[in-house]
Amino acid sequence: MSSNLRTVCAIGGGGKVADFFRFDWKSQIWNLVVVAGAIIGGFIAHHYLTPDPSIALNPVTVDRLQSLGFENAGSSYLPQELFSLDGLSNPKNLAILLIGGFLVGFGARYAGGCTSGHAISGLSNLQLPSLIAVIGFFIGGLTMIYFLYPLIFG
Amino acid sequence: MKYLKFLLIGVFFGIVLYKSEAVSWYRIYEMFRFESFHMYGIIGSAVGLGVLAIQLIKRNRLKSFDGEAIHIAPKEMGLTRYLLGGCLFGLGWALAGACPGPMYILAGAGYWPILIVLFGAILGTFTYGIVKKHLPH
C-alpha cells in the first residue's frame with residue numbers, strides 16, 4: 001500500500017531530484033488500480049453498508065480518551081476533534097495530521113513497507129526483517145500513545 | 001480489462017477494512033493500549049490465513065491468473081532500517097491513527113481531513129527519497 005506513495009512521487013517528477021524515484025512507474029499501475037478500488041470500497045462501505053458509524057470501544061479506552069479531551073469517544077467512526085472540517089481550523093490539529101502522515105510516509109519507505117507489506121504480507125511469508133519492522137512499529141506506537149499523547153493532548 | 005481484478009481486490013479490501021473498523025482511529029489507539037482483542041484478531045487472522053495461502057502456493061507451485069509462476073521476493077536482511085524506519089512509522093501510525101491503506105479508504109468515505117495525512121505521507125516519502133543516501137540502512 002505504501003509503495004504507491006513512492007509511485008506518486010515518481011509520476012510527479014521526483015526522479016529529477018532523487019534516484020529513488022527513477023524507476024519504471026508504469027510497472028506499478030496495477031497497484032494504483034488497487035488504491036482506486038480501495039477508495040471506491042471506502043465510499044461504498046461508508047455510504048451504503050454502515051448505518052451506525054459508532055465504534056464499540058472498551059469503556060476503559062473511552063474514559064482514557066475523554067480525559068485526553070476526546071469527547072464522545074467511540075460515538076463516531078473517527079474523532080471529530082481531528083477529522084471534521086471544523087477541527088481543521090485549529091492549527092494544532094492540522095500539524096498533528098501533517099506530522100503523523102509525514103512519519104508514516106517517511107517511516108514506511110525507510111522500513112521498506114507498512115502494515116500491509118510487513119505486518120500482513122511479510123509475516124505471512126515468515127520474513128524476519130518484517131518481524132523486526134513490526135517490533136519497530138510497536139516501539140514507535142507505544143512511545144506515541146504512552147509518552148507523547150499526554151504531552152500533545154493532555 | 002486486465003486491471004479489473006486489481007480494482008475488485010481493492011474494492012473488497014476497502015469494504016473489509018472499513019466494516020472491520022480497522023480504519024478507525026479509535027481502534028488503533030485501543031490496540032496500542034492493549035485494551036481490546038479487536039485489531040489483534042484482524043491482523044492475526046490475516047497473517048494466519050496468509051501463512052496458509054503462501055505455503056499452499058509454494059508447495060503446489062501454484063500459478064497466477066495469467067499462468068505465470070508466483071514468486072514472492074524475500075525481504076533483504078538488515079536491522080537498522082527495519083527498526084528505525086519501523087519506529088518512525090509506528091509514531092506516525094499512532095498519531096494519525098491511519099497507515100497508508102486506510103488513508104485511501106477514508107478518503108473514499110469522505111473524511112476530507114485524511115487528505116492532509118495523505119499529503120504528509122507523500123511529503124514524507126519524498127523527503128526519504130532525498131535523504132536516503134545519508135541514512136544508515
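The values are calculated or read from the model by the stated rules, or taken from the named source; none is laboratory data. Note that the structure is predicted; figures quoted are calculated from it, not measured. Every residue, glycine among them, receives a Cβ derived from its backbone with ideal geometry; neighbour counts consider all protein chains shown. Accessible surface is based on the protein model in full, side chains and every heavy atom, while ligands, DNA and RNA are left aside. Shrake-Rupley method; radii C 1.70, N 1.55, O 1.52, S 1.80 Å.
Among the candidates A:Gly41, A:Gly14, A:Gly87, which residue alone is closer than 25 Å to B:Ile122 by Cα and in contact with an Asp or Glu (Cβ under 6 Å, 6 or more places away or on another chain)?
Values: A:Gly41 fails: in contact with an Asp or Glu (Cβ under 6 Å, 6 or more places away or on another chain); A:Gly14 fails: in contact with an Asp or Glu (Cβ under 6 Å, 6 or more places away or on another chain).
A:Gly87 is the lone residue from the list that is closer than 25 Å to B:Ile122 by Cα and in contact with an Asp or Glu (Cβ under 6 Å, 6 or more places away or on another chain).
Out of the residues in the range B:2-18 meeting the condition of being facing another protein chain (nearest Cβ under 7 Å) and surrounded by fewer than 16 Cβ atoms within 10 Å (Cβ to Cβ), tell me which one is farthest from A:Ile39 (Cα to Cα). Give the steps one after another, and end with the answer.
Going through the range B:2-18, the residues facing another protein chain (nearest Cβ under 7 Å) turn out to be B:3, B:6-15, B:18.
Add one more test, that the residue is surrounded by fewer than 16 Cβ atoms within 10 Å (Cβ to Cβ), and what stays is B:3, B:8, B:12.
Values: B:Tyr3: 15, B:Leu8: 11, B:Phe12: 10 Å.
Only one residue fits best here, namely B:Tyr3.
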### Message
So for the range B:77-95 (the condition being basic (Lys, Arg) and touching a residue at least 24 places away in the same chain (Cβ under 8 Å)), does at least one residue qualify?
### Response
yes
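Inside the range B:123-134, can you point out the residues that are open to solvent by less than 50 Å² (accessible area, probe 1.4 Å) and either touching a Pro at 6+ places or on another chain (Cβ under 6 Å) or of a type outside the set (S, T, N, Q) (or both)? Steps first, please.
First, pick out the residues of the range B:123-134 that are open to solvent by less than 50 Å² (accessible area, probe 1.4 Å): B:124-125, B:127-129, B:131.
Scanning the range B:123-134 gives B:Gly124, B:Tyr128, B:Gly129, B:Val131.
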### Message
Yes or no: the range B:107-115 includes at least one residue that is β-branched (Val, Ile, Thr), under 26 Å from B:Val51 (Cα atoms) and open to solvent by less than 30 Å² (accessible area, probe 1.4 Å).
### Response
no
### Selection from the range B:19-68 of residues that are under 23 Å from B:Gly101 (Cα atoms), surrounded by fewer than 19 Cβ atoms within 10 Å (Cβ to Cβ) and among the aromatic types (Phe, Trp, Tyr)
B:Phe34, B:Phe37, B:Tyr40
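Within the range A:12-26, can one find any residue that is of a type in the set (Gly, Ala, Ser), without any contact (Cβ under 8 Å) to a residue 12 or more places away in the chain and at positive phi? Please lay out each step first, then the result.
We begin by selecting, within the range A:12-26, every residue of a type in the set (Gly, Ala, Ser); these are A:12-15, A:18.
Now restrict to residues that are without any contact (Cβ under 8 Å) to a residue 12 or more places away in the chain: A:12-15, A:18.
If we keep only those that are at positive phi as well, we get A:13.
For the range A:12-26, residues of a type in the set (Gly, Ala, Ser), without any contact (Cβ under 8 Å) to a residue 12 or more places away in the chain and at positive phi: present.
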### Within the range A:29-81, tally of residues that are without any contact (Cβ under 8 Å) to a residue 12 or more places away in the chain and at positive phi
1
### Task
Could you grab me the full set of residues in the range A:68-119 that are more than 8 Å from chain B (Cβ to nearest Cβ) and of a type in the set (Phe, Trp, Tyr)?
A:Phe70
### Query
Mind checking which residues of the range A:9-56 are open to solvent by less than 60 Å² (accessible area, probe 1.4 Å), in a helix (DSSP H, G or I), over 19 Å from B:Ile15 (Cα atoms) and touching a helix residue (DSSP H, G or I) at 6+ places or on another chain (Cβ under 6 Å)?
A:Cys9, A:Ala10, A:Gly14, A:Gly15, A:Phe20, A:Phe21, A:Gln28
